[in-house]
Amino acid sequence: MHKTSLISTAVYVAAPLAAAQQCNKIQIFTAVGHGENYPGVQQSITRAVCQGLSGCGVANIQYPSTVSGDGCRAIETGIAYGRTALTDYVTKCPESKIVVMGWSQGASVVGDLLAGGGGPGKGAMAGCTQNTTPPMDPTTAPGSHIVAIAFYGNPRHNANQKFNVGTGSGIDGVMARPADNLAVLQTWGDRLQDYCAMGDVACNAGRDGGAHSSYFSNSYASIPAKWIRSKLGV
């Protein structure tokens, strides 16, 4: 069974379930990359975000990330789970600040959850068609509780956006968003950063597998962590 990490000023404690089980001042939801089990590589960033903070929790946006086959159905599953998890959590914990992040396929899950998804798969998802799903409204709950969003190695990366960060920012990903869908994502732009390294096989349509996982070293992880903490006001 997957596990949730609940972080306090004293310890980093593993709880028995991957869903958010208690109200925290800060609640981070992560979507892992394809082939990963939770908590995956993003834990280097979530640990840095929560370092020294009380009431900072991490939970999994669950989807079949380790199952080979139809990637479109996997993303649809993550979108549905994420929408329900965020709605239920904000209803139970209306004072919490929410952070949402995803790596690789998990970035597609989070992006499509927020901006809406759909259409034919490309790259590693070629051959399937993702059903259209509606976007989340950033001005009403649960969207209005989200204070920071981060993508790492995002297949749906679009070049030259104001929220792009990194050496690969100027090149489209393998499954870049069409203009109408990108316009919806831009409504989240004041609280979004999309990290992309040159050569990344997903966000930069490159051939460098190392670049695709470069966001989680201790030296790099501090960059998104610092930005997220600034959005949290800590």
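Among the residues making up the stretch 203-234, those that are at pLDDT 95 or above and either closer than 19 Å to residue 112 by Cα or in contact with a Pro (Cβ under 8 Å, 6 or more places away or on another chain) (or both) are 203, 215. Remark: pairs (first residue in the stretch 75-97, over 23 Å from residue 54 (Cβ atoms); second residue polar (S, T, N, Q) and part of a helix (DSSP H, G or I); Cβ separation under 6 Å; 6+ apart in sequence or on different chains) = 75/108.
Taking the criterion of being of a type in the set (Lys, Arg) and free of Cβ contacts under 8 Å to residues at least 40 places away in the same chain, the only residue of the stretch 183-225 that qualifies is 207.
If you go through the stretch 119-135 and keep only what is modelled with pLDDT under 90 and either under 18 Å from residue 185 (Cβ atoms) or in a loop (DSSP other than H, G, I, E, B) (or both), you end up with 119, 121, 122, 126, 127, 128. Listed by position, the helices (runs of 4 or more DSSP H) contained in the stretch 1-116 that have at least 3 residues being modelled with pLDDT of 95 or more and in contact with a Leu (Cβ under 8 Å, 6 or more places away or on another chain) are 71-92, 105-115.
If you go through the stretch 169-186 and keep only what is open to solvent by less than 40 Å² (accessible area, probe 1.4 Å) and in contact with a His (Cβ under 8 Å, 6 or more places away or on another chain), you end up with 173, 176. Would you be able to say whether some residue in the stretch 198-210 is of a type outside the set (Lys, Arg), in contact with a strand residue (DSSP E or B) (Cβ under 6 Å, 6 or more places away or on another chain) and crowded, with 17+ Cβ neighbours inside 10 Å? The answer is yes, given that some residue of the stretch 198-210 is of a type outside the set (Lys, Arg), in contact with a strand residue (DSSP E or B) (Cβ under 6 Å, 6 or more places away or on another chain) and crowded, with 17+ Cβ neighbours inside 10 Å.
Residues in the stretch 176-183 include at least one that is polar (S, T, N, Q) and under 15 Å from residue 112 (Cα atoms).
If I ask for residues that are assigned to a helix (DSSP H, G or I), among the hydroxyl-bearing types (Ser, Thr, Tyr) and surrounded by fewer than 21 Cβ atoms within 10 Å (Cβ to Cβ), which ones from the stretch 211-228 would you list? Show your work before the answer.
Taking the stretch 211-228 and keeping what is assigned to a helix (DSSP H, G or I), we get 211-212, 214-216, 218-228.
Still in the list and also among the hydroxyl-bearing types (Ser, Thr, Tyr): 214-215, 219-220, 222.
Once the filter is applied, which keeps residues that are assigned to a helix (DSSP H, G or I), among the hydroxyl-bearing types (Ser, Thr, Tyr) and surrounded by fewer than 21 Cβ atoms within 10 Å (Cβ to Cβ), the stretch 211-228 yields 214, 219, 220, 222.
Being more than 16 Å from residue 108 (Cβ to Cβ) and crowded, with 19+ Cβ neighbours inside 10 Å narrows it down to one residue among 189, 166; which is it?
Only one candidate qualifies: 166.
The values are calculated or read from the model by the stated rules, or taken from the named source; none is laboratory data. Just so it is clear, the structure is predicted and the values come from calculations on it, not from any experiment. Using ideal geometry, Cβ is built from the backbone for each residue, glycine included, and neighbour counts are taken over all protein chains shown. Protein only, heavy atoms only, side chains kept; ligands, DNA and RNA dropped before computing areas. Shrake-Rupley method; radii C 1.70, N 1.55, O 1.52, S 1.80 Å.
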